[in-house]
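Everything below concerns the one structure shown next.
The values are calculated or read from the model by the stated rules, or taken from the named source; none is laboratory data. Just so it is clear, the model here is predicted, and its values are computed rather than measured. With ideal geometry, Cβ positions are generated from the backbone for all residues, glycine too; neighbour counts draw on all protein chains shown.
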Amino acid sequence: MARFLARRFANYLVLCLLATFLAYVLASATFDPLTRLRERNPPPPPATIAAKEQALHLDQPIPLRFATWASGVVRGDFGETVTAGRISDELWRRAGVSLRLFLLGTVIGVVLGVLLGVVSAIRQYRISDYVATLFSFLVLSTPVFVIGTLLKVAWLPVNQAAGTQILYFTGEFSAGFSGTWWDGVVDRLQHLVLPTVAIALGQIAYYSRYQRSAMLDVLGSDFLRTAQAKGLTRRRALFKHGLRTALIPMATLFAFGFGLLVTGGVFTERIFGFFGMGDWLISGVSQQDANIVATVTLFIAVLVLFSGWLSDVLYAALDPRVRLS
């Protein structure tokens, strides 16, 4: 099993490096970070433009620029932005913001999505199954930026009726906040709830559909009838044998679902004013900054790498055939 996981980790690592390289090459080939400098009125002297071009290493071939950037990444230096700011100074704060949002939304979405899928399969063609199906289709067919906006509109009357801000719509925390440590935690949670719900709703709808299908395939299986024939109750047979088997195909889905979540999280961060990695990616594209784009791509690739590797661990834990092979 250790060799299997090590081999899978090596494969994911190669894909991570390849994705970062392609993002850097594509951004460097299409971006011109000196556009704003050239368009100034009056235009700057050619020597100024040449000096800026040399400072950003734009006079070097793209593969060499990537090698220079990658060698710095190994040492923990992600280079500079086109405005001469250090990427490392901004990276960890923004990464922490995104991780709090994505991980919490993913955990809630996966747990509730799996439970909803299992209940829908067990209670197939009943009212609860139809309600869950309708909910899933509505959420999956609605863009995340619409869901975020609807959550704001729906919660506004609640704040107005309460006469205070129970939940906030914008930002990670209240500007100019002062109070105890616990007050600060509560304030951040008040800002975190709505964007987390926006992310979790899509995850619940996504995973519940697949889990329902996987569970239905298990309900009529021979091994489940055999377990009941040996004395297990239907509920115990379902959760001890049926659910474990139905979760096996879901393990791979978790990895790809998390990758899609991180990519779609750009809209959620923008809607709720969270200055995380998604918001930074949009800023990097607008500033035509290849270093920012490559850094965000590397961050996303690493998250997908670890989610994929963890899904392999889960897959091996659920399926003994993988461990034996």
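At-a-glance table
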{"item": "Options Ser174, Ser136, Ser120, Ser178: the member that is in contact with a helix residue (DSSP H, G or I) (Cβ under 8 Å, 6 or more places away or on another chain), over 30 Å from Arg212 (Cβ atoms) and small (Gly, Ala, Ser)", "result": "Ser174"}
{"item": "Any pair with Cβ under 7 angstrom, 6 or more apart, that starts in segment 75-90 at a residue that is more than 20 Å from Phe274 (Cα to Cα) and touching a residue at least 40 places away in the same chain (Cβ under 8 Å) and ends at one that is in a strand (DSSP E or B) and of a type in the set (D, E, K, R)", "result": "Glu80/Arg86"}
{"item": "Condition met for Arg244 (free of Cβ contacts under 8 Å to residues at least 12 places away in the same chain, of a type in the set (Lys, Arg) and surrounded by fewer than 15 Cβ atoms within 10 Å (Cβ to Cβ))", "result": "no"}
{"item": "Complete set of residues in segment 49-75 that are farther than 14 Å from Tyr24 by Cα and either basic (Lys, Arg) or touching a helix residue (DSSP H, G or I) at 6+ places or on another chain (Cβ under 7 Å) (or both)", "result": "Ile49, Lys52, Asp59, Arg75"}
{"item": "From the options Gly105, Gly184, Gly113, Gly171, residue that is within 30 Å of Gln287 (Cα to Cα), assigned to a helix (DSSP H, G or I) and either modelled with pLDDT under 85 or of a type outside the set (A, V, I, L, M, F, W, C) (or both)", "result": "Gly105"}
{"item": "Sole residue being assigned to a helix (DSSP H, G or I), more than 24 Å from Thr30 (Cβ to Cβ) and in contact with a Phe, Trp or Tyr (Cβ under 6 Å, 6 or more places away or on another chain), chosen from Ser120, Ser128, Ser88", "result": "Ser88"}
{"item": "Residues (surrounded by 12 or more Cβ atoms within 10 Å (Cβ to Cβ), modelled with pLDDT of 80 or more and over 28 Å from Thr297 (Cα atoms)) located in segment 25-50", "result": "Ala50"}
{"item": "Cβ pairs under 9 Å, 6+ apart, first in segment 215-233 and touching a residue at least 12 places away in the same chain (Cβ under 8 Å) and closer than 12 Å to Leu243 by Cα, second basic (Lys, Arg) and loosely packed, with under 15 Cβ neighbours inside 10 Å", "result": "Leu224/Arg234"}
{"item": "Single match in Val114, Val139, Val97, Val73 (criterion: within 21 Å of the chain's Cα centre (by Cα) and under 25 Å from Leu298 (Cβ atoms))", "result": "Val97"}
{"item": "Single unsatisfied condition, Leu22 versus (1) modelled with pLDDT of 85 or more; (2) in contact with a strand residue (DSSP E or B) (Cβ under 9 Å, 6 or more places away or on another chain); (3) aliphatic (A, V, I, L, M)", "result": "(2)"}
{"item": "Residue tally, condition touching a residue at least 24 places away in the same chain (Cβ under 8 Å) and not in a helix (DSSP H, G or I), over segment 131-168", "result": "5"}
{"item": "Failed item in (1) more than 30 Å from Gly117 (Cα to Cα); (2) part of a helix (DSSP H, G or I); (3) modelled with pLDDT under 80, with Ser178 passing the rest", "result": "(2)"}
